[in-house]
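First up is the structure itself, then whatever we jot down about it.
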Amino acid sequence: MEQGRGTWGIPVWGLPLAGPLGRLPERADVLVVGGGITGVSLCRWLGPQAVLVEADRLGAGASGRNAGFLSAGVGHCYANAVRRYGRQQAAALQDFTATTHRLLAEALAGRARGYRQRGSRLVPVDPEEAQDLEESAQLLREDGFEARWDGRQLIRPGDGELDPLEVVRVLAADLPPGTIREGVRVERVEAGTEGVRVQAGGQECLAGAVVLATNAYTPRLLPGIRISPVRAQMAAAPAPDGLVPLPTGSDRGFRYWRQRTDGLVLVGGYRNLALEEEVGYEAVPTARVQAHLDRHLRQLGVTEPANHRWAGIMGFTADELPLVGPVADAPGMWVCGGYTGHGMAFAFHCARLVAEALAGSRPPTCFPDFFPGLKGRDSRSAHPPSG
Ligand SMILES: Cc1cc2nc3c(=O)[nH]c(=O)nc-3n(C[C@H](O)[C@H](O)[C@H](O)COP(=O)(O)OP(=O)(O)OC[C@H]3O[C@@H](n4cnc5c(N)ncnc54)[C@H](O)[C@@H]3O)c2cc1C
């Protein structure tokens, strides 16, 4: 593998800002654990009753390490989602993620320089994928969504792209002072009759409710939660402007690339060629996957070596749908995560559902109840035991 200039392990978005460290509050109406896109979104929807604690810095997890695709839909294409979840549910999920995009763009209000809505494209690697994408375009149009197949690729004009760390910072900047407490690693959460007891660094907090916005890290606090840590890797290299026309996905979601306005081409994926290695909590790039990313950059026509290589940890669920809702047998405890590699498309809207349920303006339901009849889901999988 070519050893590029620059940094090994540092995302192209930069490192989270180091500010003063915080403390666990003694009491909180709602304590949000985790300072990624989910945590800051929850605080935005919850209002001044929320306090957020983050083990590291805001955006230190997957939210500061992702590719920045803001793409509607679940899974790798709409035809696949229809087969897997049913037509009506696939349409509802498509609509849900399109709404995430609209709500997020409204909240950013032109303040995120990295945000653009130019659309995206899906490029097939074989005839079977081409057939799926052509069918997806037709199904999407029939269901009222914008999409077209031009014989080579599926174009989705509504999709967006962003600098994910910038988005976390912009949302966080709107929160009341004192909401965010960085450097507070929660060690224990325990639901009881008076509320949820939370312990961190020798301090204790009694919270009316706790929302775990810890995505892949959630089972470390509640081992019964069925979210699995899966690693994704990326590389970036400088290139002449206009090399990559649109944010692009391919090989059933296992490859993705886009170009920023400063010319940097970002390439990610290839996890499918090292499935057994790309699991767990080590957010470090590996030579094996990085070699595939290098080859991909060359194939795109990038001649400069990569100057950023990094990895992050995603939270996967068995049915690839978010795990959002109250935790069974643990009054006051909630989970909001498990986006299976699509958190930018889900988190802001999922956070709103949780905030509304906590405020009593919607029943304390979980994600599948919002989409009646979702295939392969029952209330047990969405309300996992905390044991
Ligand atoms: C390389 C890569 C590319 C991706 N590309 C895309 C993409 O293009 N589009 C897309 O939609 N999604 C993408 N994703 C997925 C997306 O990044 C995630 O779904 C999303 O960021 C999850 O956000 P989150 O806030 O739930 O979790 P995270 O951002 O992981 O945040 C969880 C936070 O919890 C904190 N934490 C953990 N344990 C504790 C504790 N005990 N106490 C206190 N704090 C704790 C962590 O430090 C972390 O900051 C990608 C992911 C990766 C890794």
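The values are calculated or read from the model by the stated rules, or taken from the named source; none is laboratory data. Keep in mind that what you see is a predicted model, and the values were worked out from it rather than measured. With ideal geometry, Cβ positions are generated from the backbone for all residues, glycine too; neighbour counts draw on all protein chains shown.
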Could you check Tyr217 against (1) in contact with a strand residue (DSSP E or B) (Cβ under 6 Å, 6 or more places away or on another chain); (2) within 23 Å of Arg44 (Cβ to Cβ) and say which number it fails?
(1)
Within the range 6-15, does at least one residue satisfy the condition of being more than 28 Å from Val123 (Cβ to Cβ), near the ligand (Cβ under 9 Å from one of its atoms), of a type outside the set (D, E, K, R) and part of a loop (DSSP other than H, G, I, E, B)?
no
Going by the conditions given, is Gly114 outside any helix (DSSP H, G or I) and away from the ligand (no atom under 16 Å from the Cβ)?
no
Among the numbered conditions (1) part of a helix (DSSP H, G or I); (2) within 9 Å of the ligand (Cβ to nearest atom), tell me where Ala67 comes up short.
(1)
For the structure I just gave you, tell me whether Val186 is in a strand (DSSP E or B) and either more than 9 Å from the ligand (Cβ to nearest atom) or in contact with a helix residue (DSSP H, G or I) (Cβ under 7 Å, 6 or more places away or on another chain) (or both).
no
It is to be established whether one or more residues within the range 74-95 are of a type in the set (S, T, N, Q) and near the ligand (Cβ under 7 Å from one of its atoms).
no
Looking at the range 332-364, which of the residues that are assigned to a loop (DSSP other than H, G, I, E, B) and within 14 Å of the chain's Cα centre (by Cα) is nearest to Val33 (Cα to Cα)?
Gly338
Within the range 287-303, is even one residue in contact with a Gly (Cβ under 7 Å, 6 or more places away or on another chain), on the phi < 0 side of the Ramachandran plot and surrounded by fewer than 24 Cβ atoms within 10 Å (Cβ to Cβ)?
no
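May I ask you to verify whether Ala130 is outside any loop (DSSP other than H, G, I, E, B), surrounded by fewer than 20 Cβ atoms within 10 Å (Cβ to Cβ) and either touching a helix residue (DSSP H, G or I) at 6+ places or on another chain (Cβ under 8 Å) or aromatic (Phe, Trp, Tyr) (or both)? Reasoning before the result, please.
Values: outside any loop (DSSP other than H, G, I, E, B): yes; surrounded by fewer than 20 Cβ atoms within 10 Å (Cβ to Cβ): yes; either touching a helix residue (DSSP H, G or I) at 6+ places or on another chain (Cβ under 8 Å) or aromatic (Phe, Trp, Tyr) (or both): no.
It is false that Ala130 is outside any loop (DSSP other than H, G, I, E, B), surrounded by fewer than 20 Cβ atoms within 10 Å (Cβ to Cβ) and either touching a helix residue (DSSP H, G or I) at 6+ places or on another chain (Cβ under 8 Å) or aromatic (Phe, Trp, Tyr) (or both).
Examine the range 309-331 for a residue that is outside any strand (DSSP E or B), of a type in the set (A, V, I, L, M), surrounded by fewer than 20 Cβ atoms within 10 Å (Cβ to Cβ) and at pLDDT below 95, and state whether such a residue exists.
From the range 309-331, those outside any strand (DSSP E or B) are 317-322, 327, 329-331; that's our starting set.
Narrowing the set further to residues that are of a type in the set (A, V, I, L, M) leaves 318, 321, 327, 330.
Narrowing further to those that are surrounded by fewer than 20 Cβ atoms within 10 Å (Cβ to Cβ): 318.
Going one step further and asking which of them are at pLDDT below 95, we end up with 318.
Yes; the residues of the range 309-331 include at least one that is outside any strand (DSSP E or B), of a type in the set (A, V, I, L, M), surrounded by fewer than 20 Cβ atoms within 10 Å (Cβ to Cβ) and at pLDDT below 95.
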Matching residues in the range 237-260 (under 13 Å from Gly68 (Cα atoms) and of a type outside the set (Lys, Arg)) number 7
